[in-house]
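Read the figures in this text as sums done on the coordinates, not as results from a lab. This one's a predicted model, so the numbers in the text were calculated from it and none came from an experiment. Cβ placement follows ideal geometry from the backbone for every residue including glycine, while neighbour counts extend to all protein chains displayed.
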Amino acid sequence: MASSELVIKENLEERNIKKDKDVEELYLADKNLTECIDLSAYKYLRCLWLNKNKLRKLTCVANNFQLRELYLQSNQLTDVYGSLQHLTCLEVLMLHNNQLTKLDRLVKEFKKMQTLKILNLFNNPVAQEPDYRLFVIHSVSSVELLDRQEVLKAEQEAAQKIYNQEQEKIRETIAFGRRSEGPPSLYYPGKEQHLTKFVPPRRYIKPDTNTRDLGNSFLRDSPLYATTDDACNARRLKKSVTLFTTFDWAKIPRLEERRQLNTVFDSPEIITHVYR
């Protein structure tokens, strides 16, 4: 059975590395290791290969906070709880082909890994749990490649609706289905903000004394218009229609005239006014 200490020593000698601080990569894959010594001496370690061994637990990276890539696939790991959560700089983590169980407990290890982009967990018992993929996508929102498949936006939205229903209800209540047409500086221009830094996809109104305060106006909530009059006319057309109906009294004969004439009078003319 190979000793991890001996393997590391041979590895460093081959690369002519004499100082621990110069160690940024360690390749210990496929060495038939059942355990690995503490690697705290290598404070600047960035990449570590421990795949294709016989590791049952992981205790060697307790102080390697700068790890970016960690390859642990094809071992005999059954649980990594408490072994990885401090590695907040991880970008690549390979854990496939192990014996990992308890999905809830496993994803808690990844909670603080805000830069984790690539994650492999396939060929583990956890990968057989219902809605496994959506749950991992929801729990590790930074992951872009999960089990060698790109994380799609549709999957992120589906995971959000399933595992964060309360927030989705609030979002649907306050969003009103509107889409922003640009940064706040477009609608709330200030002294230190300059519209020249932003090129909008449509025409916009140049800020002046009449459009400085667009806090709750139609200009802010509607598509952009070339002039203020265009915006006002568009808003006027969207208002509810009000009908006001009246008689044309000028064409209705008076009571005395109706008595003297023997002809039948027509119905009075109705005048309808439409307001918006």
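Taking Cα atoms of region 92-172, Rg/Rh with Kirkwood Rh, to two decimals?
0.97
Per q in 0.28 Å⁻¹, report the Debye log10 I(q)/I(0) for region 57-96, using one uniform scatterer on each alpha carbon and no solvent.
-1.11
Net charge around Leu121, counting only other residues with Cβ within less than 10 Å of its Cβ (Lys, Arg = +1; Asp, Glu = -1)?
Result for the neighbourhood of Leu121: 0.
What is the P(r) of region 1-72, as percent of Cα-Cα pairs per 5 Å bin from 0?
Percent of Cα pairs in each bin: 3, 17, 30, 29, 17, 4, 0.
Provide the FRET efficiency to the nearest 0.05 for the Thr88-Lys161 pair, computing r from the beta carbons and using R0 = 25 Å.
0.35
Exposure proxy check: Thr101, Thr115 ranked by fewest other beta carbons within 10 Å?
In order of increasing Cβ crowding within 10 Å: Thr115, Thr101.
For region 8-117, what does the equivalent ellipsoid look like in terms of its semi-axes, each the square root of 5 times an eigenvalue of the Cα gyration tensor, given largest first in whole Å?
Result for region 8-117: semi-axes of 23, 17, 11 Å.
Order of 139-151, 40-52 by packing, highest average Cβ count within 10 Å first?
Highest-to-lowest ranking by the protection proxy: 40-52, 139-151.
For region 156-162, what does the Karplus curve 6.51 cos²θ - 1.76 cosθ + 1.60, with θ = phi - 60°, yield as ³J(HN,Hα) per residue in whole Hz, taken in order and with x for Gly and Pro?
3J(HN,Hα) across region 156-162, in whole Hz: 4, 5, 5, 5, 4, 5, 7.
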